[in-house]
1. At what distance in nm do the modelled label points of R103 and N58 sit from each other, each positioned 7 Å from its Cα along Cα→Cβ?
2. Would you mind classifying region 121-168 by shape? Square roots of the alpha carbon gyration tensor eigenvalues, ordered a ≥ b ≥ c; an a/c under 1.5 is rounded, otherwise it is prolate if a/b is larger than b/c and oblate if not.
3. Are there trypsin sites (Lys or Arg not before Pro) in region 27-59 that DSSP puts in a loop and that have at most 11 other Cβ atoms within 10 Å, and which ones?
4. Measure off 7 Å from each Cα along the Cα-to-Cβ vector at R19 and D46, then give the distance between these two points in nanometres to one decimal.
5. Per residue, how much accessible area does the chain have with a 1.4 Å probe, in Å²?
6. Give the shape of region 28-168 as rounded, prolate or oblate, defined through the alpha-carbon gyration tensor: a ≥ b ≥ c are the square roots of its eigenvalues, a/c under 1.5 means rounded, and otherwise the shape is prolate if a/b is larger than b/c and oblate if not.
7. Just to be sure I understand the rule: take each whole DSSP H helix in the chain, project its Cα atoms onto its long axis, keep it if the span is 15 Å or more and its mean Kyte-Doolittle hydropathy is at least 0.0. Which ones pass?
8. Once neighbouring chains are kept in place and the probe is 1.4 Å, which whole percent of the accessible area of region 1-127 is contributed by carbon and sulfur?
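The values are calculated or read from the model by the stated rules, or taken from the named source; none is laboratory data. Just so it is clear, the structure is predicted and the values come from calculations on it, not from any experiment. Counting neighbours? That spans all protein chains shown, and the Cβs are built from the backbone with ideal geometry, glycine included. Only protein heavy atoms, including side chains, enter the accessible area calculation; ligands, DNA and RNA are left aside. Shrake-Rupley method; radii C 1.70, N 1.55, O 1.52, S 1.80 Å.
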Amino acid sequence: MALDRSDKRLDRLRANLARTGLEAEVVAVPAEDWDDPRAFDAVLLDAPCTATGTFRRNPEVLRATKPADVAKLADVQHRLLDAAAVRVRPGGRLVYCVCSLEREEGETQIIAFLRRNPAFRTAPAVPAEVGAPDEALTPEGWLRILPSMWAEKGGLDGFFIARLDRIA
């Protein structure tokens, strides 16, 4: 099951599914507006963000991003996290990720989400499972990947990733 409000992004997803021989039900709809009763064992929320973690390849993103952009996207992320949470079955997992270096889009989002949603707990991430360096693991169990990591290999894009288990 894949949702996105953008037909263009979904076209790219369909092409990648075909290329890899995988299948998914694909729906063009804003996730917070999706009217479907199903819940899932796992939900991945690759949230829209400022993309400041991609500055290594797209340096213009740092000049283009304004504080109001961060606040606007943080509000969208808040709504999407809450919409995703109701789609996770008890015992299931929610993974939240953004390619942003902004705390408001990463750590702050998850702290606020956990306060709003007591049915969820952090499930410590395993860096090797996503090809991240060990030093990306935070004390909270999240991943904060920085562009400076693995500089000897050309560096990485910046990401924030949190794994959350629904316990109730």
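1. 2.5 nm
2. prolate
3. Listed in order of number, the matching sites are R38, R57.
4. 1.2 nm
5. Solvent-accessible surface per residue comes out at 58 Å².
6. Here region 28-168 falls in the oblate category.
7. Span-like helices, by this rule, are 67-85.
8. Ligands and nucleic acids excluded, carbon and sulfur give 54 percent.
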